[in-house]
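Report on the structure given below.
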Amino acid sequence: MASTVARRLGRLASNNCYFFLCDMQEKFRPSIRYFPEITNVADRMVKAANILDIPVIATEQYPKGLGSTVSEIDVSKARVFPKTIFSMLLPEVKTIIEEDSKRRSVVIFGIETQVCVQQTTLDLLNIGFEVHIVADGVSSRSQVDRMLAIERMRQSGAFITTSESILFELLGDSKHPKFKEVQALAKTSAPDSGLIASSESIVSHLVKEHPSLFKQNL
């Protein structure tokens with residue numbers, strides 16, 4: 001009974017999850033909104049994974065044309081896979097994550113929210129994994145696409161959370177032997193990646209476009 005409850009709540013531990021870094025590549029830098037901010041978040045998540053011995057799987061979408069993972073993120077300890085499909089769930093990746101029966105959760109961050117992140121999330125949910133979306137670590141060219149994709153993934157069963165929330169949940173206790181190392185990553189709050197402003201903007205747009213719907217709910 002306890003394990004069933006824990007699974008439903010989406011509890012994370014360093015021995016029950018993988019970190020997925022999705023397509024944080026150089027050619028996307030000019031077009032993705034808040035790219036520097038989500039790069040910062042991705043970097044701290046990868047560093048935390050290395051400290052806590054959490055396996056990191058990274059993908060690169062058509063790296064021949066779109067470049068490698070940006071230099072700000074150190075993927076030297078990650079398993080990096082090139083791809084042309086949008087989902088990260090390549091056959092090789094699926095084999096890796098199914099080898100360890102104790103790791104049944106995936107924490108995902110990267111781009112683009114409405115394409116590769118969303119398709120990866122749906123594929124993982126479909127094979128029975130729990131998925132945690134790092135909301136301050138995903139973005140898109142369009143913030144409408146970003147926010148509605150996050151909502152779509154939430155509706156499909158993914159957990160929507162933040163980088164700092166995940167880091168401290170993984171620690172669980174200030175007496176954790178790696179507490180100071182991970183805490184150092186979170187001493188400076190994650191940068192503002194426009195989540196609140198984007199949410200308010202989308203709601204405002206919907207109210208203007210469909211005022212009757214909102215009047216009915218008042």
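The values are calculated or read from the model by the stated rules, or taken from the named source; none is laboratory data. Nothing here was measured: the structure is a model prediction, and the numbers come from that model. Counting neighbours? That spans all protein chains shown, and the Cβs are built from the backbone with ideal geometry, glycine included. Remember, those area values only see protein heavy atoms, side chains included, never the ligands or the DNA or RNA. Shrake-Rupley method; radii C 1.70, N 1.55, O 1.52, S 1.80 Å.
When the criteria are applied in full, I38 meets the requirement of being out of contact with any Phe, Trp or Tyr (no Cβ under 6 Å at 6 or more places or on another chain), modelled with pLDDT of 95 or more and either open to solvent by less than 10 Å² (accessible area, probe 1.4 Å) or not in a helix (DSSP H, G or I) (or both). Within region 170-183, the set of residues being open to solvent by 60 Å² or more (accessible area, probe 1.4 Å) and either in contact with a Pro (Cβ under 7 Å, 6 or more places away or on another chain) or in a helix (DSSP H, G or I) (or both) comprises K180, E181, Q183. The number of residues in region 84-107 being without any contact (Cβ under 8 Å) to a residue 40 or more places away in the chain and either of a type in the set (D, E, K, R) or within 23 Å of P30 (Cα to Cα) (or both) comes to 9.
In region 184-197, the qualifying residues are those that are of a type outside the set (G, A, S) and open to solvent by 70 Å² or more (accessible area, probe 1.4 Å), and the one that is modelled with the highest pLDDT is D192. If you check A135, A186 for being under 18 Å from D43 (Cβ atoms), in contact with an Asp or Glu (Cβ under 7 Å, 6 or more places away or on another chain) and aliphatic (A, V, I, L, M), only one passes: A186. Screening E200 on (1) open to solvent by 80 Å² or more (accessible area, probe 1.4 Å); (2) at pLDDT 60 or above; (3) closer than 18 Å to E151 by Cα shows it passes everything except condition (2).
Within this structure, R79 fails the test of being under 27 Å from T188 (Cβ atoms), open to solvent by 70 Å² or more (accessible area, probe 1.4 Å) and modelled with pLDDT of 95 or more. Residue pairs whose Cβ atoms lie under 6 Å apart, separated by 6 or more positions or on different chains, with the first residue in region 136-148 and of a type in the set (D, E, K, R) and the second open to solvent by 20 Å² or more (accessible area, probe 1.4 Å), are D136/T162; D136/A190; R141/S31; D145/Q114. Residues in region 115-132 that are surrounded by 22 or more Cβ atoms within 10 Å (Cβ to Cβ) and either touching an Asp or Glu at 6+ places or on another chain (Cβ under 7 Å) or farther than 19 Å from R29 by Cβ (or both): C116, Q118, T120, T121, L124, V131, H132.
If only residues of region 1-25 that are at pLDDT below 95 and not in a loop (DSSP other than H, G, I, E, B) are counted, the one that is surrounded by the fewest Cβ atoms within 10 Å (Cβ to Cβ) is A2.
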